[in-house]
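A short worksheet on the structure shown next.
The values are calculated or read from the model by the stated rules, or taken from the named source; none is laboratory data. Quantities reported herein were computed from a predicted structural model and do not represent experimental measurements. Every residue, glycine among them, receives a Cβ derived from its backbone with ideal geometry; neighbour counts consider all protein chains shown.
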Amino acid sequence: MFQSLTAPPPDAILQVMQLFRDDPRPEKVDLGVGVYRDDAGHTPVMRAVKAAESYILQSQETKSYTALAGDPAYHAAMADLLLAGALPSERIAAAAATGGTGAVRLAMELIRTANPDATVWISNPTWPNHTLLAKFVGLKQATYRYYNAAEGALDRQGMMADLGGAKPGDVVLLHGCCHNPTGADFTAQDWAAMADFLAERDLTPFIDIAYQGFGANVEADAAGLRLLVDRLPRVLIAASAAKNFGLYRERAGICLVTCPEGERAAIQSTLAGLNRASISFPPDHGARVVTTVLTDPAMKADWLEELDGMRSRIAGLRKSLAGALRQETGSDRFGFLAAQQGMFSVLGGSEAQIARLRDEFAVYVVGGGRLNIAGLTEDSVPRVAKALATVLDE
């Protein structure tokens, strides 16, 4: 029965990860995989996470299932982190998911179930799994321009022109903060304009917020999301605790839907049913860690302090890389790096140039020149800048 199967094309990010592992050179630099790393090149377990796990180990009395939609305490803790009481609980449906990826898929399955004719509009560029998940769920999809690579900034005119083709009932997928892969985010004015646009055209926003706390701070990074929730009747939200809690392998995600009170029961039941048809009961350990941290004042304060340090480190590396590239190139063509937010930026580059960075300089980036700023160290910045300037300025 499997004779007709053909292997799918290799995932570009996973391919870079494997090439990096196989490289014996000690000076190699991994700017491909999207994980946070500290100055020693490690992805640490956060202090508050260790404290929460210790507490759970001592106090937990059962490993039985929670519920098809996950633990309601997790729903409440994440809703408070994301929305800060912007809506009463009677207007929020929620389901735990297997990481941010699972949350995105769950939201897309909900869209397909509610309106099979809807088109999901996805930014170009975006996180590759957005388009992959929409395809496998069976949703219609279209793209809208988002980034002006020449200027290292939003392509506002192109974005709104493309979204002008959306029809009532369609869904617009937006990155809540720290746009992946460009690092170019909406301003407050952009969020307000988008809210007006969506309301006028009867479009539903779908916010993927995987990096809350890595942009400006936890509160500011959710400001655009909260504005949409305040001004629009329905918003879909996919959130992840992988980055800001460092819980990559624990797969702690959540899908939230803000809606009129009268619609909540049907949405909540549908989310639970979709979980039942795929994973049945969602994983709980990562979700319980997050709940423990967010509901314990001392743990939460420690988490925020450490997260602030991680964010500051990335911002500092951005400035260092922009400055080193300015020195190497004699121009400010990469100056936008310092102004962007989050872990990622895109520098461009042909397939041959990306291969040369890898083969000649041991610098690993994803195709198109997406690099993970958090993979740098202050020691590696000068060498990486020299490599980028040498290869990309040709």
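Things to note:
- Scanning the range 194-209 for residues that are part of a helix (DSSP H, G or I) and touching a residue at least 12 places away in the same chain (Cβ under 8 Å), we see that the one that is farthest from the chain's Cα centre (by Cα) is Arg201.
- Asp284 meets each of the listed conditions (1) buried (at least 23 other Cβ atoms within 10 Å of the Cβ); (2) over 24 Å from Asp170 (Cβ atoms) apart from (1).
- Being in contact with a Cys (Cβ under 6 Å, 6 or more places away or on another chain) and of a type outside the set (Lys, Arg) holds for only one residue in Ala118, Ala97, and it is Ala97.
- Checking each residue of the range 277-287 against the condition of being among the hydroxyl-bearing types (Ser, Thr, Tyr) and in a loop (DSSP other than H, G, I, E, B) gives at least one match.
- Filtered residues of the range 186-198 (kept if aliphatic (A, V, I, L, M) and surrounded by 14 or more Cβ atoms within 10 Å (Cβ to Cβ)): Ala192, Ala193, Met194, Ala195, Leu198
- The criterion of being among the aliphatic types (A, V, I, L, M), closer than 22 Å to Phe186 by Cα, in the same structural domain as Phe206 (by TED's automatic domain parsing) and out of contact with any Gly (no Cβ under 7 Å at 6 or more places or on another chain) does not hold for Val137.
- Scanning the range 324-346 for residues that are outside any helix (DSSP H, G or I) and surrounded by fewer than 21 Cβ atoms within 10 Å (Cβ to Cβ) yields Gly330, Ser331, Asp332, Arg333, Gly335.
- If the condition is being farther than 20 Å from Ala114 by Cβ and surrounded by fewer than 23 Cβ atoms within 10 Å (Cβ to Cβ), then the range 227-241 contributes Leu227, Asp230, Arg231.
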